[in-house]
1. Looking at (1) without any contact (Cβ under 8 Å) to a residue 60 or more places away in the chain; (2) crowded, with 16+ Cβ neighbours inside 10 Å; (3) closer than 30 Å to A:PRO222 by Cα, which is the one condition that is false for A:ALA180?
2. Given the criteria closer than 29 Å to B:LEU86 by Cβ and within 11 Å of DNA strand D (Cβ to nearest atom), does B:PHE173 qualify?
3. Hey, could you check the stretch A:138-176 for residues that are more than 15 Å from the chain's Cα centre (by Cα) and closer than 25 Å to A:GLU94 by Cα and say which is least open to solvent (accessible area, probe 1.4 Å)?
4. Tell me the residue from A:ARG214, A:ARG219, A:ARG240, A:ARG227 that is open to solvent by 50 Å² or more (accessible area, probe 1.4 Å) and touching a helix residue (DSSP H, G or I) at 6+ places or on another chain (Cβ under 6 Å), please.
5. Only one of these conditions is not met by B:ARG97: (1) more than 7 Å from chain A (Cβ to nearest Cβ); (2) touching an Asp or Glu at 6+ places or on another chain (Cβ under 7 Å); (3) open to solvent by 30 Å² or more (accessible area, probe 1.4 Å). Which number is it?
6. Provide a single number: the residues in the stretch A:225-238 that are modelled with pLDDT of 90 or more and within 11 Å of DNA strand D (Cβ to nearest atom).
7. Please name all residue pairs, on different chains or six or more residues apart, with Cβ atoms under 6 Å, provided the first residue is in the stretch A:203-229 and is in a strand (DSSP E or B) and near DNA strand C (Cβ under 10 Å from one of its atoms) and the second residue is among the polar types (S, T, N, Q) and open to solvent by 60 Å² or more (accessible area, probe 1.4 Å).
8. Away from chain A (no Cβ under 14 Å), touching a residue at least 60 places away in the same chain (Cβ under 8 Å) and either in a loop (DSSP other than H, G, I, E, B) or more than 16 Å from DNA strand D (Cβ to nearest atom) (or both): does that describe B:ALA167?
Number of protein chains: 2
Amino acid sequence: MTGSIPAGYDPYAYEPFAVTVDLAVFTVRAGQLHVLLIRRAQEPHRGAWALPGGFVLPRESAERAARRELAEETGLPARLVGELHLEQLRTYSEPDRDPRMRVVSIAFTALVPDLPEPSEQGGGDADRARWVPVERTGELAFDHGRILADARTRIGAKLEYTCLATAFCPPEFTLGELQAVYETVWDTVLDRPNFRRKVLATPGFVEAVPGAARLTGGRGKPAALYRAGPATALHPPLLRPEGHRR
Amino acid sequence: MTGSIPAGYDPYAYEPFAVTVDLAVFTVRAGQLHVLLIRRAQEPHRGAWALPGGFVLPRESAERAARRELAEETGLPARLVGELHLEQLRTYSEPDRDPRMRVVSIAFTALVPDLPEPSEQGGGDADRARWVPVERTGELAFDHGRILADARTRIGAKLEYTCLATAFCPPEFTLGELQAVYETVWDTVLDRPNFRRKVLATPGFVEAVPGAARLTGGRGKPAALYRAGPATALHPPLLRPEGHRR
DNA sequence: ACAAAAGTGTTGCACTTACACCCATGT
DNA sequence: ACATGGGTGTAAGTGCAACACTTTTGT
């Protein structure tokens, strides 16, 4: 930015901007991609469903504000919120996106494993927080429908060339569970043998937990367990098939 | 965002935030990646080099502000600024990034063809605007060094899986020029026959200008001319070689 | 015995890589 | 003639899609 502010500038001279954060937090549950929504307890859009979020405080970075609001508004465990991988999506700045005043919102995305339902009574401005299948969110408050659509597009693309999919899994997981993440987010079917080769051939994507195994569907051979590895990028990418949808 | 603002909220009650835009505008010139910088005419950081940008006005979106500031501060042709492909990079919101007050900055990137040097006397808050090789920018004002580094990383990655490289080229260009863009941004050498096959095999990446040809280095066979096509994504991607740097 | 889920092998096609070669133009 | 840059051909190597097959468990 450049200084069109002269030496004796008064920060209160202009109509102020408010700066908020909004979070699109996803999980994979029962073969469906879910997003964490809250029901608004205040006007405007009182009673409507919205992405969790809120105002950035004067001495807080956007990322800290995002963690604070997430902890306040949803029942997510504090430990999880603290360690969560947050990623900036983009900033929404259209002048009329909030009827009250000029609000610029910095949107974040996060991926979490399947968790117990958040505590029923929300904190802060939220009535309650719920996991909602992304296909059944209906209309959201403000421009949150658009933010959610942008976030979905982004995470779909990120699965192709990053190791982010493990963020949807519990600390120890099977390759079948990891494959289900891809199939759910992309709404496709993947070839199991090829998927497993691809994942195992990428150094640092997953690490075997020696000796550990777990039954998945009640029947069948127990699957070996893996942990997320240190790798972050996926070279070469795991390309999403274009043809056959699920 | 959620409404912690009660009905009778006074927008002036809190310490206000200022919202700015910053632009990392790149071009390829003489085999080097250049970025557009301005010299600050005002405190703070008076006399230092910085990315162009400035305050978002009360009724303006961030993208509109970016175009306005770019036109005001640099001598870039109005037509070009209007049609420019701007892309949000990310938003920088650390509390102390500007010593004057709380400033949240939305950063954009843009790619332009090699242009004549901008008009010498800058407008607005800029002394003057100049194209500077990215390797020789030195220290920049505020956190602009970090913004510039993030922008470089992003455009390098974008060349792999989008058709964005044509934005660096004039309206009609040769495949040699397009290849030079990749080689400059990635600092690598690419195999010419393979590069041309790859580009031509991607539908909508480039379109031949029938019959047109141009001499490039003064010598050699005149090269056929191409225009940017309608495609925006590059499937499969054009992967950056990892080994041999230029 | 059978179903279900994990895991292994193999084959063929598609694509990329690396490099040899030809073409058109200026000096 | 030859240097320079554009453009074509091709053979070896690589990676991946597709699908058949084996293994281990529960009922």
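The values are calculated or read from the model by the stated rules, or taken from the named source; none is laboratory data. The structure displayed is predicted, hence computed values, not measured ones. Here the Cβ positions follow ideal geometry from the backbone for every residue, glycine too, while neighbour counts run over all protein chains shown. Protein only, heavy atoms only, side chains kept; ligands, DNA and RNA dropped before computing areas. Shrake-Rupley method; radii C 1.70, N 1.55, O 1.52, S 1.80 Å.
1. Condition (1) is where A:ALA180 drops out.
2. Numbers: closer than 29 Å to B:LEU86 by Cβ: yes; within 11 Å of DNA strand D (Cβ to nearest atom): yes.
Yes, satisfied.
3. Ranking the qualifying residues of the stretch A:138-176, first place goes to A:ALA141.
4. Details: A:ARG214 fails: touching a helix residue (DSSP H, G or I) at 6+ places or on another chain (Cβ under 6 Å); A:ARG219 fails: touching a helix residue (DSSP H, G or I) at 6+ places or on another chain (Cβ under 6 Å); A:ARG227 fails: touching a helix residue (DSSP H, G or I) at 6+ places or on another chain (Cβ under 6 Å).
So the residue among A:ARG214, A:ARG219, A:ARG240, A:ARG227 that is open to solvent by 50 Å² or more (accessible area, probe 1.4 Å) and touching a helix residue (DSSP H, G or I) at 6+ places or on another chain (Cβ under 6 Å) is A:ARG240.
5. Result: B:ARG97 fails condition (3) only.
6. Applying the first criterion (modelled with pLDDT of 90 or more) to the stretch A:225-238 yields A:225-234, A:237-238.
Checking which are within 11 Å of DNA strand D (Cβ to nearest atom) leaves us with A:234, A:237-238.
The number of residues fulfilling the criteria is 3.
7. A:ALA223/A:THR216
8. Numbers: away from chain A (no Cβ under 14 Å): yes; touching a residue at least 60 places away in the same chain (Cβ under 8 Å): yes; either in a loop (DSSP other than H, G, I, E, B) or more than 16 Å from DNA strand D (Cβ to nearest atom) (or both): yes.
Yes.
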